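Read through the structure below, which is laid out as C-alpha cells, and then see the notes.
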Amino acid sequence: MNTSTSIITAEELKIICPSCNSDAVYRYGKIKTGKQRFMCIICGNQFTPGASKSQVKGKPVCPECGKQMNVYKLEGNVIRFRCSGYPVCKTFKKFIMKEEE
C-alpha cells in the first residue's frame, strides 16, 4: 500500500491578495478556527481566503489626536480599539459589549 502526501502551495491554489491582486503571497500562520492565513509580499496585507471582515459600527475617535480608532482585538464580549495613528499615538480604548434582549 503506497500512499503519497502532496503539499499544495499557494501558487497551485491561485491565492491572490484581495487588496492589490498580487499572487506574491506566503503562508502566515493560521487563524483560531485552523484556516490558513496568508500575507502579501507586495502590500503586507494579511488575509484568509474566503473570510469576510466583520464591520463595526460607531468606531470611536481618539481622544489624544482626533483620528478614527480601529478594532484591535475582540475577546468574548470585550472589544479593544487602537488609534489609527499607531505607533505615533498609542491610545487604546476598551469597551464591554452588552447583549441585546
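Here are the numbers for the structure shown:
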read-out	value
Subset of the range 13-48 (residues that are polar (S, T, N, Q), under 19 Å from residue 73 (Cβ atoms) and assigned to a loop (DSSP other than H, G, I, E, B))	33, 45, 48
Scan of the range 46-76 for residues that are modelled with pLDDT under 85 and surrounded by fewer than 11 Cβ atoms within 10 Å (Cβ to Cβ), ordered by number	50, 52, 53, 54, 55, 57, 58, 75, 76
So residue 10, is it modelled with pLDDT under 85, small (Gly, Ala, Ser) and surrounded by 14 or more Cβ atoms within 10 Å (Cβ to Cβ)	yes
Output for the range 13-34, where each listed residue is at pLDDT below 85 and among the charged types (D, E, K, R)	14, 32
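The values are calculated or read from the model by the stated rules, or taken from the named source; none is laboratory data. Worth saying up front: this structure is predicted, and the values here are computed from it rather than measured. Cβ coordinates were reconstructed from backbone atoms using ideal geometry, including for glycine residues, and neighbour counts include every protein chain displayed.
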